[in-house]
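Below is one structure, written out as structure tokens, with a few remarks after it.
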Amino acid sequence: MRETTQPPSPEAIADEARRLRRLRTLVDLTAATLYQADISPGEGVELVVSCRESAMSLFPGQEATFDLLYRPRLMRILQERFGRSCDGEDDERL
């Protein structure tokens, strides 16, 4: 016999939409800061780490999703701005 799952409630859908908007804003602001702020490569990596930690507080257990969708974008910005030497690969927090 097949189990049926209940559809998410309107409140759950609204909550997820709110968290997604917040995540999108967080990533966009991090990207803008990486492009525009007068920061060092190390500070750039710290911003990416902080963005990832904030994303995990919004969506616990979704590290792989962040690493697949957002990390490449942010790391590409770091590489464009600071060169290949700032890829963050040696930072285990990324």
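Rounded to the nearest 20, the Cβ-based charge dipole of the chain about its Cα centre (Lys and Arg +1, Asp and Glu -1) stands at 420 debye. Spin-label model, Leu68 to Arg22: label points 7 Å out along the Cα-to-beta-carbon direction sit 2.3 nm apart.
Classify region 41-84 as rounded, prolate or oblate, taking a ≥ b ≥ c as the square roots of the eigenvalues of its Cα gyration tensor: rounded when a/c is under 1.5, otherwise prolate if a/b is larger than b/c and oblate if not. Here region 41-84 falls in the oblate category.
Neighbour counting of Cβ atoms within 10 Å sorts the residues Phe66, Phe59, fewest neighbours leading, into Phe59, Phe66.
Fewest-first ordering of Thr65, Thr5, Thr33 by other beta carbons within 10 Å of each residue's beta carbon gives Thr5, Thr65, Thr33.
The charge dipole of region 41-84, taken about the Cα centre with unit charges on the Cβ atoms of Lys, Arg (+1) and Asp, Glu (-1), comes to about 220 debye, rounded to the nearest 20. Given R0 = 22 Å, the distance between the Cβ atoms of Arg84 and Ser40 translates into a calculated FRET efficiency of 0.85.
Bear in mind that the values in this text are calculations on the coordinates, not laboratory data. This one's a predicted model, so the numbers in the text were calculated from it and none came from an experiment. Note that each Cβ is placed from the backbone with ideal geometry, even for glycine, and that neighbours are counted across all protein chains shown.
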